[in-house]
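The values are calculated or read from the model by the stated rules, or taken from the named source; none is laboratory data. If you're wondering where the values come from, they're calculated on a predicted model, not measured in any experiment. Neighbour counts are summed over all protein chains in view; Cβ atoms, including those assigned to glycine, are modelled from backbone coordinates with ideal geometry.
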Amino acid sequence: MKRLSAEKGPKAIGAYSIATRVKDMIYTSGQLGMDPSTGSLVDETIESQTEQALKNIKAILEENNSGMNNIIKTTVLLDDISDFKAFNAVYAGFFEEGQYPSRTAFEVGALPIGAKIEIEVIALTN
């Protein structure tokens, strides 16, 4: 087991690692739509926060011998399930058509730092 980091990804905002590698699998912690250079949310829209969360995931995976096409499963936490359609439109653009990973998405009561979305993934390494 190895705790991972990413130069281009966000830093942890609590007592956790941004990802952990176990054999040929990477498990990311939930990623928010947080700009890695500022540590703040990119803005208040679900579209922008979704895009940034997925960019953060991409950076973590690519810097650790994996990539978006290696994602097996995503878990998506939304602070408002009515944002699902807008989130899904952005999310689909990060994957090859018809090659989407398995996914669970649900509404939660609240997310850290007032985020609208949090996404975690399980991925294979290359």
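Odds and ends about this structure:
- Some residue of region 89-97 being in contact with a strand residue (DSSP E or B) (Cβ under 6 Å, 6 or more places away or on another chain) and surrounded by 20 or more Cβ atoms within 10 Å (Cβ to Cβ): no
- For region 38-49, the criterion of a residue being closer than 25 Å to THR125 by Cα and either over 10 Å from the mean Cα position of the chain (by Cα) or surrounded by 17 or more Cβ atoms within 10 Å (Cβ to Cβ) (or both) is satisfied by no position.
- Among residues that are within 15 Å of GLU120 (Cα to Cα) and modelled with pLDDT of 95 or more, LEU32 is included.
- Pair list, Cβ under 8 Å, 6 or more apart: region 53-75 residue of a type in the set (Ser, Thr, Tyr), other residue surrounded by fewer than 22 Cβ atoms within 10 Å (Cβ to Cβ) and not in a strand (DSSP E or B): SER66/THR125; SER66/ASN126; THR74/PRO101; THR75/GLY30
- Residue match in region 18-30 (condition: without any contact (Cβ under 8 Å) to a residue 60 or more places away in the chain, of a type in the set (Lys, Arg) and under 23 Å from PHE106 (Cβ atoms)): no
- The residue list SER66, SER102 contains one member that is among the small types (Gly, Ala, Ser), surrounded by fewer than 21 Cβ atoms within 10 Å (Cβ to Cβ), under 15 Å from the mean Cα position of the chain (by Cα) and under 27 Å from SER5 (Cβ atoms), which is SER102.
- Residue within region 1-9 that is of a type in the set (A, V, I, L, M, F, W, C), within 19 Å of LEU124 (Cβ to Cβ), assigned to a loop (DSSP other than H, G, I, E, B) and free of Cβ contacts under 8 Å to residues at least 40 places away in the same chain present: yes
- Qualifying residues in region 78-126 (those that are at pLDDT 95 or above, part of a loop (DSSP other than H, G, I, E, B) and touching a Ser or Thr at 6+ places or on another chain (Cβ under 7 Å)) - the one farthest from ILE13 (Cα to Cα): PRO101
- Only residues that are at pLDDT below 90 and in contact with a helix residue (DSSP H, G or I) (Cβ under 6 Å, 6 or more places away or on another chain) were counted across region 1-29, and they come to 3.
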